[in-house]
Amino acid sequence: MSEQHLSVAVIGAGMAGRSHAAGYRAVNTVFGEGLPPIRLAAIADANEPLAVDAARRYGFERAVSSWETVVDAPDIDAVSIVVGNALHRPIAEALIASGKHVLCEKPLAGSMADARALAEAEQTADVVTAVGYTYRRSPAIAAIRDHVQDGDLGELTLFDGRYWCDYACDPRSPLSWRYLGGPGSGALGDVGAHVIDAGQFLCGPIVSVSGGVLETQIAKRPMPLGAVVGHGAAPVSNEVGEVENEDTAMFTARFASGLAASFSVSRTAFGMPNGLGFDVHGLAGRASFDQHRPAEFTYDDAQPDARTRGARQVIVGPQMPYFAGGYPMEAPGVGGGNAEMFVYQCRAFLDQIVGTPDPLPPNATFADGLHTMAIVQAVVRSAQSDGAAVPVPAA
Ligand SMILES: NC(=O)c1ccc[n+]([C@@H]2O[C@H](COP(=O)([O-])OP(=O)(O)OC[C@H]3O[C@@H](n4cnc5c(N)ncnc54)[C@H](O)[C@@H]3O)[C@@H](O)[C@H]2O)c1
């Protein structure tokens, strides 16, 4: 890092890579001073036209076609890894070895062995290592967490979490990296990892799972003829390949507190484009969130006047985490959603690097990412043993 600026790069210009690019572009517009000017140095993607387009749109100086070029570049300080999960380990290891700070997308890696190696590397790394669990940055979810931690819901009695998506409903969707990698790397690792992290963010660590069920509704998919971006459609051949992982998963879990939980995740839940949601109940209150309505949540804390008792809609506003200083228009009811969460995540990563005086809460660590993957693998083992209870090693 030079005294004049902090230089960032994004590896991967696909669906989530562009969200990181947009996040870095905006980090100096939120939460006051503390960061040096951010230099948007490079975007790397093996699909070079995609990298060139992303660099142009988000104002990055150069587009490159290999991640190794970013690793070797002496002028880059901090890097987001936003490519398919199997590539996370080699890229993260090379970046750490070259002294660059790393924000790696979830899930931490493509296998438990890779995730363990990264968590081990984190212990001796002298750079910041972080994992991108964006939903922690939702003002509504962070506000609900504050209520849970303050005991406003009373003793917790039930957590029910879901992440229902429909991006895989079309059987003509090509066999991209998302459909490869073995049990646990499908809906469970892709979207389930987010709601597992959200559950732990709210209620603490999960210590065991049971009742695991994994289902694959569409067992074969057509081979892509060219590049596939995100969940998008792409030209496909008449040849098909085997889907290696689950479309749908369900399980129950127990938190260290003793609280029981149920989770369900799917990429074949028609009509649910991005349905992360949960209900958390206690003896004295209830809070519910649905990412399809990200700028509000439902809250019920048994008002003393029985005539108006009942759940109410709470609109996100400056009284909540991230809002004051985090929006160009700091007025309640202006909305907000996914894009802002990436800005706050990038800002937190750079706060960690610089040591700003008033930092955002730090990102999840590689150790946290390994723990979430251990939960995913415990669900797989539960599913393979008729739903048996499987303990999860502590983080
Ligand atoms: N936090 C979130 O909300 C969120 C959302 C979506 C995806 N993700 C995560 O982000 C990562 C990427 O997902 P995506 O949906 O953006 O995928 P994507 O398929 O849209 O994009 C991945 C990009 O990586 C590029 N790529 C492949 N091999 C490469 C290589 N060797 N060098 C450089 N680039 C290469 C591809 O060309 C592609 O453009 C995954 O780990 C995923 O789990 C996170």
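Summary table
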{"item": "In region 299-318, the residues that are touching a residue at least 12 places away in the same chain (Cβ under 8 Å) and not in a strand (DSSP E or B)", "result": "301, 302, 311, 316, 317, 318"}
{"item": "Filter result for residue 395 (out of contact with any strand residue (DSSP E or B) (no Cβ under 9 Å at 6 or more places or on another chain), at pLDDT 95 or above and of a type in the set (Gly, Ala, Ser))", "result": "no"}
{"item": "Number of the condition not met by residue 211 [criteria: (1) more than 16 Å from the ligand (Cβ to nearest atom); (2) among the small types (Gly, Ala, Ser); (3) not in a strand (DSSP E or B)]", "result": "(3)"}
{"item": "Only one of 89, 162, 136 that is open to solvent by 50 Å² or more (accessible area, probe 1.4 Å) and either of a type outside the set (Val, Ile, Thr) or farther than 16 Å from residue 365 by Cα (or both)", "result": "89"}
{"item": "Residue among 361, 328 that is open to solvent by 30 Å² or more (accessible area, probe 1.4 Å) and at pLDDT 95 or above", "result": "361"}
{"item": "Conditions (1) under 23 Å from residue 180 (Cα atoms); (2) away from the ligand (no atom under 16 Å from the Cβ): number failed by residue 115", "result": "(2)"}
{"item": "Verdict on residue 328 being farther than 30 Å from residue 211 by Cβ and of a type outside the set (Gly, Ala, Ser)", "result": "yes"}
{"item": "Lone unmet requirement of (1) surrounded by 16 or more Cβ atoms within 10 Å (Cβ to Cβ); (2) over 21 Å from the mean Cα position of the chain (by Cα); (3) aliphatic (A, V, I, L, M) for residue 102", "result": "(2)"}
{"item": "Helices (runs of 4 or more DSSP H) wholly inside region 15-90 that include at least 2 residues being among the small types (Gly, Ala, Ser) and near the ligand (Cβ under 8 Å from one of its atoms)", "result": "15-26"}
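Rundown of residues vs (1) surrounded by fewer than 24 Cβ atoms within 10 Å (Cβ to Cβ); (2) over 30 Å from residue 125 (Cα atoms), yes/no style:
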| site | (1), (2) |
| --- | --- |
| 323 | yes, yes |
| 336 | yes, yes |
| 349 | no, no |
| 357 | yes, no |
| 367 | yes, no |
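The values are calculated or read from the model by the stated rules, or taken from the named source; none is laboratory data. All values reported here derive from a predicted model rather than from experimental measurement. Cβ: placed from backbone, ideal geometry, glycine included. Neighbour counts: every protein chain shown. Surface accessibility is based on the protein's heavy atoms, side chains included, excluding ligands, DNA and RNA. Shrake-Rupley method; radii C 1.70, N 1.55, O 1.52, S 1.80 Å.
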